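The structure under discussion appears below in the form of structure tokens.
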Amino acid sequence: MGNKAKTFNQNSEISFDEEHWQKINFNTASFERNFNNGKVNYRNMELEKQRAFNLSNKSLLNLEKLLVDFETHFKEHGGEVLWARDSDDACDLILKLLISEKARKVVRSHSTIIDEIGLNDFLQKKNIDLVESNVSRYVLQVSGMKSYHPLSPAIHLSKEEMNDVLTRGFKLKADSTPKQMVNFVRHQVGEAAKDAEVCLTGANFLLSEEGGVVLTENEGNILKSTSKSKTHIVVAGIAKVIRSMHELSLLLPLLSSHATGQSMAAINSITFGPASNSEGPERMVVILLDNGRSDLLTHEKQRKMMSCIHCGACVSVCPVYKNIGGYAYDSSYVGPMGSVMTPLMHGLKEYEYLTSACSVCGRCADICPVKIPLNDLILENRHLVATKKVGDAKLEAMFKLMIWHCKNRKRLDSPLFIKKVELKRFLNPAWGERRTLPEFAPKSFSQWWKEQKV
Ligand code: SF4
């Protein structure tokens, strides 16, 4: 078992924490409730999902052309496009841009891809001040924590815990209401971000034909930050590109209905390069990030994962996520989508254990707005782990031993103590300390059968 797998097992121990379980289940249930309420806006949601599936497949098949066209058209609007091979590359490019802008303070939006490249830690080491513009993320930053859920980064904190962080960090009064806390943090964020020279965001979609960047949000932080900063840097995965803005009428409602149950998010903006007047950034740069996405695209079945629109619905319904929480995955992508993407993007051997973080219940695939068959893809990953022999060697040895045993009647009837030793030696580490190993029957079936006949 590798180090990451051991850490995963240790972090998963949180599933025995009753309070954690209650918080996560209470909060994810509200996402499910919202989604079910929002479903009524659709006459035939399945049909829309199928259309989205077809469109995204088409985009993936033409990805190369769509990306080049996006670059051409975005540059025509005065924007700049840079390509990053991996996280280090992306961080270096961002640093160079910040140096060229003489920026000492940067404001960022809530974006998983910015987490993916590890930008917060990177900029901290370079003594560049990075301010979170999202309310929950700001609280997490103050308390030194990372995001727990793609939509609700502080889903694991109760309002009392939030209050506690703010009371300790800013001397907010101890029994503040959620509204008071949100207003207080909003004010703090506004103050901290007001003189930021550069704004960093992800992108929900990139429009190939029009050369536009689509950003969708509810709080209004992105719009506020981009309109005040001199430079806007966008970090976007290469699979974010779609053909044209005509596809948004299908994709944006699907995204918001599956994310928050809204028919549309409160604020949706499309930016076509730098502003032509003083009301927006003078410079706009899009960094197109690969970081393992090309590797994922080489897998014929799993490449469907690249259609993900990051609604977070699969995470909110996943029984494994609801038990082990967001930190166990050790990745910015958690839940079923993380279990498919992370091993293929960042190393099958290193992250093979994530292919086991699934009960194959299929709820993720049922809810996915772009019909990604997540549970099937996790099974495909398991198959890859087995065929490439990168799984847990002890577990593999155990299965080989079991097969060897089961293939022969005499071996099946071997003495009880031998079977017990084998079970303890090979299965126990994977079984975990909290579960009692199953007991063998005192007699094998054939021994028992013989006795019955006598
Ligand atoms: S895999 Fe599907 S359900 Fe999960 S985040 Fe992506 S689009 Fe949403």
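Read the figures in this text as sums done on the coordinates, not as results from a lab. Bear in mind the structure is a predicted one, so any value in this text is a computation, not a measurement. Note: ideal-geometry Cβ built from the backbone for every residue, glycine included; neighbour counts use all protein chains shown.
Think of region 395-453 as having a plus end and a minus end, set by charges on the Cβ of Lys, Arg, Asp and Glu; of W449, V421, A397, W449 sits farthest toward the positive end of this dipole.
The alpha carbon convex hull volume per residue for region 395-453 rounds to 75 Å³.
Distance between the C-alpha centres of region 182-200 and region 305-347: 29 Å, rounded to the whole angstrom. Assuming charge only on the beta carbon of Lys and Arg (+1) and of Asp and Glu (-1), the dipole of the chain about its Cα centre is about 1780 debye to the nearest 20. Each listed q (0.16 Å⁻¹) maps to a log10 I(q)/I(0) for region 42-289 from the Debye sum over equal C-alpha point scatterers, namely -1.23. So which lysines pass the test for K450, namely a Cα distance under 30 Å, with those fewer than 8 places away in the same chain ruled out? Candidates past the 8-residue exclusion: K400, K407, K410, K419, K420, K424. Projecting the Cα atoms of V81, S109, F53 onto the charge dipole of region 42-120 (Cβ charges, centred on the Cα centre) puts S109 farthest toward the positive pole.
Placing +1 on the Cβ of every Lys and Arg and -1 on the Cβ of every Asp and Glu, with no other charges, gives region 395-453 a dipole of roughly 200 debye about its Cα centre.
The slack in the chain from K173 to S294, taken as 0.36 nm per residue of separation less the alpha-carbon distance, amounts to 38.6 nm. All alpha carbon pair distances within the chain were sorted into 20 Å bins beginning at 0; the resulting P(r) in whole percents reads 22, 52, 20, 5, 0. With R₀ fixed at 51 Å, the C-beta to C-beta distance from N120 to E451 puts the FRET efficiency at about 0.15. Checking the cross-link pairs K125/K228; K159/K179; K65/K304; K39/K371 against a 21 Å limit on the alpha carbon distance flags K125/K228 as lying beyond it. Whole-Hz Karplus values for region 316-323 come out as 5, 9, 6, x, 6, 4, 4, 8 Hz, taken residue by residue from phi with 6.51 cos²θ - 1.76 cosθ + 1.60 and θ = phi - 60°; glycine and proline positions read x. When +1 charges are put on Lys and Arg Cβ atoms and -1 charges on Asp and Glu Cβ atoms, the dipole computed for region 42-289 relative to its Cα centre reaches about 500 debye. Residue order for R33, R43, R137, fewest other beta carbons within 10 angstrom first, comes to R43, R33, R137. This ranking places V165, V40, V334 by how few other beta-carbon atoms lie within 10 Å of each, fewest first, which gives V40, V165, V334.
Counting charges near L437 (Lys, Arg +1; Asp, Glu -1) among other residues having Cβ under 13 Å from its Cβ returns a value of +3. Cβ screening of the chain for cysteine pairs under 4.7 Å finds these without a partner: C91, C199, C308, C311, C318, C358, C361, C368, C406.
Taking the charge dipole of the chain about its Cα centre, with +1 at Lys and Arg Cβ atoms and -1 at Asp and Glu Cβ atoms, the residue from L348, V185, M305 reaching farthest to the positive side is L348. Temperature 37 °C, viscosity 0.692 mPa s: under these conditions the Stokes-Einstein estimate for region 253-317, based on its Kirkwood radius over C-alpha pairs, is 216 µm² per second.
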